Amino acid sequence: MSTLHPTVVPTPNKAIPPEEWFHKPPFKAKSFFIAFCLLVLLAWTGHNTEIPRMMGLLGDWGLDVIGVKENSQVGAGFQKVGEDLFPLVIADKTPVSRLENFDPENLPRFSRIEIQEVREMTMNSDTFEMVETVSEVEYLVEPVGYLQHVLKKMVETLEIAIWGTVISLIVSAPLAYLSARNYTPHVIFYQGARALVGMLRSVPELISALFLVLAFGFGPIAGILALGLHSAGFLGKFFAEDIENAEKGAQEALLSLGTSKPKVLWYAVMPQVLPSYVAYTLYILDRNVRMASVIGIVGAGGIGQELKGRYDMFNYGHVATILLVLFITVFALDQFSAQIRKKLIR
Amino acid sequence: MKNITDNKNDAILRFENASKVYPDGTRAMSDIQLKVPEGQFCVILGPSGAGKSTLLRCINGMTLPSEGGLTIDNLPMDKRHRRTIQREVAMIHQSFNLIPRLTVATNILAGALEHTPGWRAGLFWFGKDLIRRSRELAHQMGLNEAQYYRKASELSGGQQQRVGIARAFIVDPRIVLADEPVASLDPKTSREILTLLRGAAHQRGATVLCSLHQIDLAREFADRIVGMHAGEIVFDGKADELTDDMLNLIYDGKPSFSTDKTESRNPRVA
């Protein structure tokens, strides 16, 4: 028997003594060479992207802050922005003359009428002299009117983000199934789905929103589609990778019973990957809220459209209100999804 | 494969000169000849890497022999008959291989997925008969109602293996394979699990092929012991025929301890 099956056990006297065992060094000459190459690459790209100038400006600003140097460009810029942003504008002030169907007896709740004197220099058409005329303009002031308007826009943004996420889920589920190597029905579907997922992921929302606005017009439709398609690419890739990497034990147990592949996917893979799917979806929702605010800038609805308008009119107080609402929303959403994740991944 | 039809009823499982060479060149099984009659509790012994798992994985179609034939219930195991055979063969795993996040109930019922139409399986909607059977099996395996509705991952190892056995038996398999079913369990639980497995198999007339590492348990439970070494069957007999010499043959590949002083003795069989 022993001649038929020679066991490969090295005898102790032939073995190399432990003090002569080769110990693999953590670094080799190659490691240093690679590090040097990376450094050269960084230096080159840093030169192209004006990193030295950034360092200079930041240094000037630092010196300005501690009072060694004056007139730093960055400091002045930030000071200007800070002065413009504050105080926040939360009230809405509209000239009564511009309101249609205005009824002074029946004002909206919490609002009041303010009368302001407006001084204007006008030219007297007879004497060609500049004359100061004083006129009284009635304003309808709603104390939190603008905040209400921003909140409404924020809700619209959230709605766009939620629907974008829903669409991405609907699109990515079949894509994930087709592009998971171990469950795809055929290699042609696998290649096709992977190509599609890559394509969806490679077009940023802002770019696709630009074109979708041309096709669907201004408003939320373009936003929802832009967000949905881009995040479908993300989710499709992550979902498929999770299916591929799922623990094999339970899958093999069901497969060996002759269970068909879709059933194995549904019973042995889905329960395993569901918590991470929820986590991905929450991340995508969070990301979509932020991106929905951005793509409004190209006219795809939501708070971004308002932001762009106010920014272009130099109403930085209004911009500050928008940014604050955005920040609070994103922060609240983050807390919310953290709670859900904690509950799910137990 | 020429004698598929002769001696029709004496063996449910038949390896004919079966060999398995994996694509990387590992020869896991060479020239296996094995006939297992229906209803037998057959234990396979052998050191790690002897080919026990490969043998079992051939029977449930997870891998096909590269040479020679394997017939199960007079059906040749090949790509065409694989699914048909797999419905008659159930497996119990060393690491239980349950679906951790689903309940014990669903885990047992998942064993009968091929007996449930796809759309109903998708909705986790099983037939009344199946549900009744799964409860009875769980009860027979010593699980109570509270455990039956818990997540599989919350159970202890012994309890999980009880679920594994229940899942294997829900479809009334002709053959049950057990790949080191008690390797990660303590001796007392191991004995309980094997008792349950043997009981369930005898009750239904199912054939069991069970690989083990515990020689005492093999002697206690087996109708027949098959010893493997380096991909070959080196022993095939009843429990009382398993002498120390035979154990040396199985675990060392030699009839007795060699006189080669440089090679250490194997304490497992000493």
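Nothing in this text is a laboratory measurement; each read-out follows from the coordinates by a stated rule. From a predicted model like this one, the values you see are computed outputs, not experimental measurements. Cβ atoms come from the backbone with ideal geometry, glycine included; neighbour counts cover every protein chain shown.
The table below lists the values:
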| item | result |
| --- | --- |
| Length added when fully stretched, residue A:15-residue A:188, from 0.36 nm per residue minus Cα-Cα | 57.0 nm |
| GNM result for chain A, Cα springs below 10 Å: residue of A:149, A:318, A:47 fluctuating most strongly | A:47 |
| Residue of A:281, A:259, A:321 that the Gaussian network model of chain A assigns the largest fluctuation, springs spanning Cα pairs under 10 Å | A:259 |
| Charge-dipole axis of segment A:92-142 as Lys and Arg at +1 and Asp and Glu at -1 on Cβ define it, positive-most pick from A:111, A:134, A:122 | A:111 |
| Folded to 0 to 90 degrees: helix A:145-179 orientation relative to chain A principal axis, Cα | 20 degrees |
| Crossing angle, helix A:303-312 versus chain A [Cα axis fit, 0-90 degrees, rounded to tens] | 50 degrees |
| Listed residue (B:142, B:127, B:113) projecting farthest to the positive dipole end of segment B:90-191, Cβ model | B:127 |
| Helical mean residue ellipticity (222 nm; -39500 (n - 2.57) per DSSP H run of 4+; nearest 500) of chain A | -21000 deg cm²/dmol |
| Student exercise, chain A dipole from Lys, Arg, Asp, Glu Cβ charges, in Debye to nearest 20 | 2680 debye |
| Exposed-site-free run, longest, chain B (rule: GluC sites (Glu not before Pro); DSSP loop; at most 15 other C-beta within 10 Å) | B:39-262 |
| Alpha-carbon centroid distance for the pair segment B:107-127 / segment A:16-61, whole angstrom | 57 Å |
| Per DSSP, loop chymotrypsin sites (Phe, Trp or Tyr not before Pro) in segment A:220-317 with at most 16 further Cβ within 10 Å | A:314 |
| Max mean-square fluctuation residue, GNM over chain A, Cα-Cα springs under 10 Å, options A:237, A:24, A:80 | A:24 |
| Acute angle (nearest 10 degrees) that the helix A:205-216 long axis makes with the longest principal axis of chain A, alpha-carbon atoms | 60 degrees |
| Cα centroid separation, segment A:300-346 to segment A:162-209 (Å) | 27 Å |
| Contour excess over end-to-end distance, with Cα ends at residue B:203 and residue B:241 and 0.36 nm allotted per residue | 11.0 nm |
| Percentage relative contact order, chain B, counting C-alpha pairs under 8 Å, at least six apart | 24 percent |
| Normalised contact order of segment A:146-344, rounded percent, pairs of Cα under 8 Å and 6 or more residues apart | 29 percent |
| Unit charges on C-beta of K, R, D, E only; dipole of segment B:65-207, Debye | 400 debye |
| Over segment A:92-142, relative contact order from alpha-carbon pairs under 8 Å, at least 6 apart, % | 49 percent |
| Dipole of the protein assembly as shown [Lys/Arg +1, Asp/Glu -1 at C-beta], most positive-end residue of A:35, A:86, A:25 | A:25 |
| Size of charge dipole - the protein assembly as shown - debye, nearest 20, with Cβ of Lys, Arg +1 and Asp, Glu -1, no other charges | 2660 debye |
| Spatial separation of Cα centroids for segment A:222-259 and segment A:65-114, in angstrom | 48 Å |
